[in-house]
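Notes to accompany the following structure.
The values are calculated or read from the model by the stated rules, or taken from the named source; none is laboratory data. Because the structure is predicted, anything quoted here is derived from the model rather than measured. FYI the Cβ positions are ideal-geometry reconstructions off the backbone, even for glycines, and counts take in every protein chain you see.
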């Protein structure tokens, strides 16, 4: 077994281990949201869009922690399903993202499915483990972004 204290061992690669954990967690949410035809990433985009609907794409990208190119790629299927609408802002170069009424309906229906996945992971990790993981992820995000 490789020692976890050796940062140069490939088995201790933070990127690999975080992505591996993210894939496992994503599968839980994807399975829960499948009846709505949504992926976890799409649900998250809808949630954030609902909270800042009518915001510039750059602000939405910052909230989601992704670049604009990735966000544009993620918005396309949602726009095709008429869950969101992208319009021009005051400046023609600025793109505004809006949740449609249909998008809000889908989000409202999907919310209990998402809550089920949340509850499943909360139970699996326990209250302390769940909160601790969220705190550590916030810390990692802040430090890696600095």
Within region 53-73, which residues are loosely packed, with under 14 Cβ neighbours inside 10 Å and not in a helix (DSSP H, G or I)? 54, 65, 67
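Residues are listed down the side, and each one gets a yes or a no for (1) modelled with pLDDT under 95; (2) surrounded by 13 or more Cβ atoms within 10 Å (Cβ to Cβ); (3) not in a helix (DSSP H, G or I):
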| position | (1), (2), (3) |
| --- | --- |
| 16 | yes, no, no |
| 23 | no, no, no |
| 27 | no, no, no |
| 32 | no, yes, no |
| 35 | no, no, no |
| 38 | no, yes, yes |
| 44 | no, yes, no |
Would you call residue 124 in a helix (DSSP H, G or I) and in contact with a helix residue (DSSP H, G or I) (Cβ under 6 Å, 6 or more places away or on another chain)? no
Keeping to region 47-70, report how many residues are in contact (Cβ under 8 Å) with a residue 24 or more places away in the chain and under 22 Å from residue 114 (Cβ atoms). 7
Residues of region 118-145 being closer than 27 Å to residue 13 by Cβ and surrounded by 12 or more Cβ atoms within 10 Å (Cβ to Cβ), which ones? 121, 125, 129, 130, 131, 132, 133, 137, 140
Taking the residues in region 79-99 that are surrounded by 12 or more Cβ atoms within 10 Å (Cβ to Cβ) and part of a loop (DSSP other than H, G, I, E, B) as candidates, determine which candidate is farthest from the chain's Cα centre (by Cα). 89
Counted residues in region 99-131 being within 14 Å of residue 31 (Cα to Cα) and in contact (Cβ under 8 Å) with a residue 24 or more places away in the chain come to 7
